[in-house]
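The next block holds one structure in the form of structure tokens; read it before the comments.
Read the figures in this text as sums done on the coordinates, not as results from a lab. In this text, all values refer to a predicted model and were calculated from it rather than measured experimentally. Positions of Cβ are generated from backbone atoms using ideal geometry, with glycine treated the same way; all protein chains shown enter the neighbour counts.
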Amino acid sequence: MAIRWFNVIGFVMLFSTLFFNEVVYLNVWYDFNLSTIFPAIIYLAVGIWLSLRGEPTYQEARI
């Protein structure tokens, strides 16, 4: 499986999550702001999906 451009974007998103984690944690800990949790979960899910996404598989037509 080759690394494609969307895999790189997913890896960058996951790497940046390490830094955003502190901001989200402090915001939730002191304010209990649920509007920060849901976008963070969606951001993390998209990053995981992009980093694990593979190439499309094409089926050959059988005659």
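Here the relative contact order of segment 1-53, from alpha carbon pairs under 8 Å that lie six or more residues apart, stands at 61 percent. For the listed peptides 8-14, 33-39, 21-27, a ranking on the average number of other beta carbons within 10 Å per residue, highest first, reads 8-14, 21-27, 33-39. Using equal-weight Cα scatterers in the Debye expression, the normalised intensity of segment 1-53 in log10 at q = 0.13, 0.16, 0.25, 0.30 Å⁻¹ is -0.35, -0.49, -0.88, -1.07. Our coupling estimate for segment 9-18, obtained by passing each phi through the Karplus curve with A = 6.51, B = -1.76, C = 1.60 and θ = phi - 60°, is 4, x, 5, 5, 5, 5, 5, 5, 5, 4 Hz, Gly and Pro reported as x.
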